[in-house]
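Single-structure report; data block below.
Here, each number is a calculation from the coordinates, and none is a lab measurement. Bear in mind the structure is a predicted one, so any value in this text is a computation, not a measurement. All Cβ positions, even for glycine, are placed from backbone atoms using ideal geometry, and neighbour counts span all protein chains on display.
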Amino acid sequence: MESKVIIMVGVALVFVAGTFGVLWLLNLAPVQTEDKPTTLIIHGPDRIEVEEQTNYALTLDGRVCINNLEEQIVEWSISRNGQLMNVGQTTVTIMSHSAGEVILYAEFSGITAQKVVQVYPRAEVSLDMETWIHPGQWYITGVDSVGVSDVSLSLYRELETGRRVGVSSSIWESYGSSEIVIHENGNYVLVVEGKALSDGRVVREEKDLTVTPYVQRGYHQFSWDAENLVELTPADEMAIRFFLDQELGVETDFSSEGKLRNANRISSDYVFYKDSSRKDILLFQTGIRSEGTTTRHVLQSSIKGRDARYVYISWDDFIVTANIGSPGVSFVDVDPSSGDSGSSGGGSSGGGSSLPPPIGGEGPSPPPPIGGGGPSPPPPIGGEGPSPPPSISN
């Protein structure tokens with residue numbers, strides 16, 4: 001009996017152990033879950049520009065597709081206004097030659113993904129306006145823009161040190177981005193900016209501007225001994241340099257490298273000056289012959305023009321003369337440092353005016369105001385526009 005009891009107890013223990021073992025193994029088995037949907041996504045920009053090469057990548061369930069089976073490859077395709085380049089298994093480069101919309105497709109293991117891409121024109125801005133302008137005059141900027149928004153103008157004054165500083169609204173005005181007026185002489189930089197429609201980056205273009213006084217013909221008799229001459233400013237000198245370049249084909253900077261001479265009369269093709277009656281206007285006359293008791297200390301240099309003729313330039317703080325082929329200024333003596341010898345009353349008197357006056361009796365006059373009158377542009381259709389700027393007087 002005792003042995004039977006032991007056998008029955010052993011059988012019971014085996015049964016209990018087997019039951020718990022089965023339950024333990026069931027706890028280790030994976031829990032069955034619903035299949036997660038497979039997601040195929042093309043990653044890359046939604047906006048690009050014409051002729052821009054842009055990269056795109058493909059992911060499967062958030063991971064890069066890795067294909068070990070030859071039959072499971074990615075098929076890339078694109079709508080007809082796009083072009084595929086550098087095609088890889090999970091990456092591709094696309095480009096479009098025209099603005100509009102392209103659709104990029106990818107197919108993998110029976111799953112298809114697509115991406116719609118907007119194609120914008122290449123973002124560009126440009127300026128096309130005169131570089132030598134006059135104060136108080138409206139000028140067309142020639143701003144042109146493609147593929148940008150928020151086009152705006154900024155003006156900076158360029159100092160002699162090369163530093164740029166902003167210009168206050170009292171010195172310049174703009175009519176949108178199409179026209180500007182600057183009221184003070186000097187060197188400026190005009191900047192146009194816009195934001196690219198594709199990615200919002202800023203694109204810009206700039207133009208150097210030199211604002212100089214008007215150069216107008218003087219009609220009264222110029223006198224060598226005139227006491228009402230006004231000292232020339234750096235802006236006046238820039239205007240004269242531009243005039244000489246346009247009319248006579250010579251470039252000068254009125255440097256101190258000229259020879260110092262003492263002169264008491266002139267016979268010159270051109271004379272530039274300002275007088276107290278019109279101190280805001282730079283005047284010139286042609287075919288000037290004048291002499292007097294005043295001796296002027298002038299600097300002189302000779303410059304070969306584009307037509308191979310030499311032009312003699314003489315200047316001091318109040319007048320500038322230009323004569324072709326001969327000095328055009330009579331010297332009473334010569335500074336010893338020049339290395340020349342001279343005699344009282346000697347020197348060259350020039351040959352008079354060798355140039356006819358400019359057609360119409362004027363120098364290189366500024367372009368006419370927009371609309372043909374006044375310093376303000378014509379009002380746009382509808383009768384509105386900016387008020388004319390006030391006249392500037394010194």
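What percent antiparallel are the DSSP beta bridges of the stretch 40-120, to the nearest 5?
DSSP beta bridges in the stretch 40-120 are roughly 90 percent antiparallel.
How large is the charge dipole for the stretch 124-211, taken about the Cα centre, if only the Cβ atoms of Lys, Arg (+1) and Asp, Glu (-1) carry charge, to the nearest 20 debye?
260
Based on the Cβ-Cβ distance from ASP317 to GLU51, what FRET efficiency comes out when R0 is 51 Å, to the nearest 0.05?
For ASP317 and GLU51, the calculated efficiency is 0.35.
Answer with one residue from SER177, GLY162, VAL191: the one whose Cα lies farthest towards the positive end of the charge dipole of the stretch 136-204, charges on Cβ with Lys, Arg +1 and Asp, Glu -1.
GLY162
If I model a spin label at ASP280 and SER255 as a point 7 Å from the Cα along the Cα→Cβ vector, what separation in nanometres do I get?
3.5
Going 7 Å from the Cα of GLN118 toward and past its Cβ, which residues in the stretch 192-212 have a backbone nitrogen under 20 Å from where you end up?
194-203
Between ARG289 and ASP150, what is the label-to-label distance in nm when each label sits 7 Å out along the Cα-to-Cβ direction?
It works out to 6.7 nm between the two label points.
Scan the stretch 203-238 for chymotrypsin sites (Phe, Trp or Tyr not before Pro) in coil per DSSP, keeping those whose Cβ has at most 15 other Cβ atoms within 10 Å, and list them by number.
TYR219
What full-extension length gain, to one decimal in nm, is calculated for VAL202 and GLU75 as 0.36 nm per residue of separation minus the Cα-Cα distance?
42.0 nm
What does the extension gain come out to for ALA308 and MET85, with contour length at 0.36 nm per residue minus their alpha carbon separation?
Length gained between ALA308 and MET85: 74.6 nm.
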